[in-house]
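Here the structure comes first, spelled out in structure tokens, and everything after it is commentary.
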Amino acid sequence: MNKNKDVAGEEPSGALMADVARLAGVAISTVSRALANPGRVNEKTRTKINAAARQLGYTPNAMARGLRIGKSNIIMIILPGSLYYGVSQIIPQVLQSINKTLIQGGYNLMIANLDRDEASERHILDLAFGGSVRGAIILSSKLPEVDGRSLANSGLPIVSMLLDMSDAGLQSVVTNDREAVRDVTAELVRLGHRRFFYLAGPEGNYHDVERYGGVLEALDAAGLPRQAVRRSGGRLDYQHGFDIGVQAADDFTKLAEKPTAVIATSDDMAISFISRIKRVGLRIPDDLSVVSFDGSPVCEFSAPPLSTIEQPVEEMGRAAVELLLDAIGRAHNPATLRTVIRSRLILRESIAVAKT
């Protein structure tokens with residue numbers, strides 16, 4: 001028997017499945033079931049096996065397993081967080097585009113998670129390492145990693161959508177966040193606005209870095225000091241956009257010198273901000289112009305209709321699937337890792353000329 005393969009036909013890196021079985025005190029077939037179908041093994045046994053695998057550094061090759069059990073036609077999508085929060089406004093559009101394109105290619109879509117807690121991360125990794133999915137699209141979030149296992153090491157083709165991970169060697173489909181916010185800030189400057197209020201996502205987040213960077217570039221180009229923009233937020237995830245907007249309204253009312261234009265990094269933030277700020281008697285856009293990012297359908301029906309930078313989620317969904325299916329069908333590396341699809345500004349009644 002080839003010593004580079006274990007009894008179950010795995011192609012592991014480092015330790016063998018037999019070593020894991022010996023350390024855990026179980027049969028090799030039990031280890032195989034625990035890794036491929038965790039639900040078929042009781043929790044106590046599964047815990048022993050996982051501990052042994054971690055101790056030995058055992059990482060099964062999911063692609064080798066796929067050849068043994070038959071290639072799956074299921075693609076999993078990994079969501080950024082709970083659908084109960086506001087970003088779910090654009091997620092249905094993303095899912096619809098991805099699902100339609102996958103069906104045309106002969107594949108099926110599976111939502112791998114409805115949250116990003118530790119149990120969900122383990123489930124995603126079990127699917128990846130268990131050979132039950134053929135590839136993964138990860139939406140606007142980092143790769144799952146638990147107890148030394150990472151999606152990056154699963155052997156699956158992966159495409160990141162709405163988050164640039166090309167520096168880490170991952171194919172990424174993104175929009176031009178920085179340029180789009182820079183252009184809308186420049187438009188506000190053209191309308192006479194000189195004091196700005198920025199509603200931020202979590203500090204250090206890719207989207208926040210890019211979008212706030214666009215604001216600063218526009219101020220620099222206009223010869224305005226960077227102190228012309230005040231920030232609110234920076235702690236909560238985008239899934240809590242409504243809460244960020246509510247807090248931002250409170251922060252705004254405490255400012256001695258009020259900005260005349262608000263740039264929100266999500267529609268949710270802008271909508272809740274407008275709702276709260278109107279309670280103190282401010283009028284949109286007479287007293288305060290507001291623009292946001294995402295392009296959720298609800299923006300058209302806000303009061304007033306909300307100007308927004310629309311993310312091209314349908315085009316991006318198609319592009320992500322096409323890249324993933326190309327990766328599944330080839331052995332060589334792609335020519336480019338970063339695909340940029342331009343967003344567009346939709347001007348509505350929430351923006352006006354600044355009062356002198």
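The values are calculated or read from the model by the stated rules, or taken from the named source; none is laboratory data. These numbers were taken from a predicted model, which means no experiment stands behind them. Cβ sites come from the backbone with ideal geometry, for glycine too, and all protein chains shown count toward neighbours. We work out accessible area using only protein heavy atoms, side chains counted, and drop any ligands, DNA or RNA first. Shrake-Rupley method; radii C 1.70, N 1.55, O 1.52, S 1.80 Å.
A few notes on this one:
- Residue check, Leu114 under 15 Å from the mean Cα position of the chain (by Cα), more than 20 Å from Gly329 (Cβ to Cβ) and crowded, with 20+ Cβ neighbours inside 10 Å: no
- Extreme residue, farthest from Lys254 (Cα to Cα), among residues of region 311-323 that are of a type outside the set (Lys, Arg) and touching a helix residue (DSSP H, G or I) at 6+ places or on another chain (Cβ under 6 Å): Val321
- For region 218-243, the set of residues classified as at pLDDT 95 or above and within 29 Å of Gly81 (Cβ to Cβ) consists of Val229, Arg230, Arg231, Ser232, listed by residue number.
- Residues (farther than 20 Å from Thr265 by Cα, out of contact with any strand residue (DSSP E or B) (no Cβ under 6 Å at 6 or more places or on another chain) and outside any helix (DSSP H, G or I)) located in region 154-170: Ser154, Gly155, Gly169
- Qualifying residue in region 171-185 (condition: open to solvent by 10 Å² or more (accessible area, probe 1.4 Å) and without any contact (Cβ under 8 Å) to a residue 24 or more places away in the chain): no
- Residue that is surrounded by the fewest Cβ atoms within 10 Å (Cβ to Cβ) [pool: residues in region 186-199 that are part of a helix (DSSP H, G or I) and aliphatic (A, V, I, L, M)]: Ala186
- Pick from region 226-282, criterion free of Cβ contacts under 8 Å to residues at least 60 places away in the same chain and part of a loop (DSSP other than H, G, I, E, B), ranking: surrounded by the fewest Cβ atoms within 10 Å (Cβ to Cβ): Ala256
- Filtered by the rule that a residue be at negative phi, out of contact with any helix residue (DSSP H, G or I) (no Cβ under 6 Å at 6 or more places or on another chain) and either small (Gly, Ala, Ser) or surrounded by fewer than 21 Cβ atoms within 10 Å (Cβ to Cβ) (or both), region 122-157 gives Arg122, His123, Ser132, Ala136, Ser141, Lys142, Glu145, Ser150, Ala152, Asn153.
- When each of Val173, Val133 is tested for being assigned to a loop (DSSP other than H, G, I, E, B) and among the β-branched types (Val, Ile, Thr), the lone residue that passes is Val133.
- Count - residues of region 293-310 that are in a loop (DSSP other than H, G, I, E, B) and either open to solvent by 50 Å² or more (accessible area, probe 1.4 Å) or within 18 Å of Thr253 (Cβ to Cβ) (or both): 1
- Only a single criterion out of (1) farther than 18 Å from Val262 by Cα; (2) part of a loop (DSSP other than H, G, I, E, B); (3) modelled with pLDDT under 95 is not satisfied by Pro202, namely (1).
One line per residue, one yes/no per condition, for (1) outside any helix (DSSP H, G or I); (2) of a type in the set (Phe, Trp, Tyr); (3) open to solvent by less than 10 Å² (accessible area, probe 1.4 Å); (4) out of contact with any strand residue (DSSP E or B) (no Cβ under 9 Å at 6 or more places or on another chain):
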| position | (1), (2), (3), (4) |
| --- | --- |
| Val291 | yes, no, yes, no |
| Gly317 | no, no, yes, no |
| Leu323 | no, no, no, no |
| Pro334 | yes, no, no, no |
| Arg342 | yes, no, no, yes |
| Ser350 | yes, no, yes, no |
